[in-house]
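Written below as structure tokens is the structure these notes are about.
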Amino acid sequence: MTTDPETIDARGLKCPLPVLKMEKRLVSLPAGAQLIVLATDPMAKVDIPLYCRQHGHDCAADTQNGVLRFVITRA
């Protein structure tokens, strides 16, 4: 049984807040779990993938209507 990924809505928050919210939630998720982060701060496009690379998590990103959407798979 798979569950839908949890979503963190960090729209309107300035970095590093989206990264901090993501980090806090990721530590409580099991390996392989997915987390979606929505953000509008342009710095999130750099900061979230960088954090994921540094910690071994997979990160896919896209943008829709000015909202960055990151799908993170916990290492």
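The values are calculated or read from the model by the stated rules, or taken from the named source; none is laboratory data. Everything numeric here is computed off the predicted structure, so don't read it as measured data. All Cβ positions, even for glycine, are placed from backbone atoms using ideal geometry, and neighbour counts span all protein chains on display. The protein model used for the area step is the full one, side chains on, heavy atoms only, and it has no ligands, DNA or RNA in it. Shrake-Rupley method; radii C 1.70, N 1.55, O 1.52, S 1.80 Å.
General remarks:
- Filtering the stretch 60-75 to residues that are within 17 Å of C15 (Cβ to Cβ), open to solvent by 50 Å² or more (accessible area, probe 1.4 Å) and either touching a Gly at 6+ places or on another chain (Cβ under 6 Å) or assigned to a strand (DSSP E or B) (or both) leaves A61, T63, R69.
- Subset of the stretch 27-54 that is in contact with a helix residue (DSSP H, G or I) (Cβ under 8 Å, 6 or more places away or on another chain) and in a helix (DSSP H, G or I) - its residue that is nearest to E6 (Cα to Cα): I48
- Note on the stretch 28-50: residues that are over 13 Å from I8 (Cβ atoms) and out of contact with any Lys or Arg (no Cβ under 6 Å at 6 or more places or on another chain) amount to 9.
- Filter result for L26 (touching a His at 6+ places or on another chain (Cβ under 8 Å) and open to solvent by less than 20 Å² (accessible area, probe 1.4 Å)): yes
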